[in-house]
1. For the range 93-137, what is the charge dipole size about the Cα centre, in debye to the nearest 20, if Lys and Arg each add +1 at the Cβ and Asp and Glu each add -1 at the Cβ?
2. For the chain, set up a Gaussian network in which alpha carbons nearer than 10 Å are linked by springs, and say which option among 25, 97, 54 fluctuates the most.
3. Each residue of the range 130-135 in turn: what ³J(HN,Hα) in whole Hz from Karplus with 6.51, -1.76, 1.60 and θ = phi - 60°, glycine and Pro shown as x?
4. For the cross-link pairs 39/111; 66/111; 39/95, which exceed 32 Å when the distance is taken from alpha carbon to alpha carbon?
5. With the chain treated as a Gaussian network of Cα nodes joined by springs under 10 Å, which of 115, 14, 49 yields the largest mean-square fluctuation?
6. Computed over the Cα atoms of the chain, what is the convex hull's projected area averaged over all directions, in nm²?
7. First obtain the Kirkwood hydrodynamic radius of the range 96-138 from its Cα pairs, then insert it into the Stokes-Einstein equation at 20 °C and 1.002 mPa s, and state the resulting D in µm² per second as a whole number.
8. Can you give the calculated 222 nm mean residue ellipticity of the chain, where each DSSP H run of n ≥ 4 adds -39,500 (n - 2.57) and the sum is split over every residue, rounded to the nearest 500 deg cm²/dmol?
Amino acid sequence: MSSPRHDRSPIKLTSKQRLALLRLASSETPDETVRLRAKIILRWAAGDTGAQSAAQLGTSRRTVSKWRARFREGGVVALWDRPRPGAPRTISQRKIAELLRLRQSPPPHGKPRWTTRMLAQRTGLSQSTVVRVARNLD
């Protein structure tokens, strides 16, 4: 990571970088994590400190620092996740989004809350998969 001293002054963006970041930061970008990362960089370019960006965007200073460093190293392309070791994910982003929407919706009539078993039945995922995904979302 770059030293905190480098992150105190605003970064200068090229017009091409700014345009790409504005597109990624728009509500039309389906990947919420990439949207947040683009907003972090845009706020940095606007002169926000790491603490200001974290507070405004509802994230941690550590997250802000991480994505500033990644952007400094690799530009806009670096805002996407790097490949991870191990087997590739077998659950689609769409299925995870469906599970998240369902968890946030009111439970079925007569039920006080969603259970992992009900979520599994509704989404077609196994109960253990629902538990694992939910643990990563919380």
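Here, each number is a calculation from the coordinates, and none is a lab measurement. Because the structure is predicted, anything quoted here is derived from the model rather than measured. In this analysis, Cβ positions are derived from the backbone assuming ideal geometry, glycine residues included, and neighbour counts consider all displayed protein chains.
1. 40
2. Highest fluctuation among the options: 97.
3. Going residue by residue, I get 4, 4, 5, 5, 4, 4 Hz, with x marking Gly and Pro.
4. Values: 39/111 39 Å; 66/111 41 Å; 39/95 25 Å.
As for pairs spanning more than 32 Å Cα to Cα, those are 39/111; 66/111.
5. 115
6. On the way: hull surface 40.8 nm².
Approximately 10.2 nm², given one-decimal rounding.
7. My calculation gives 208 µm²/s for D.
8. One gets -17500 deg cm²/dmol as the mean residue ellipticity at 222 nm.
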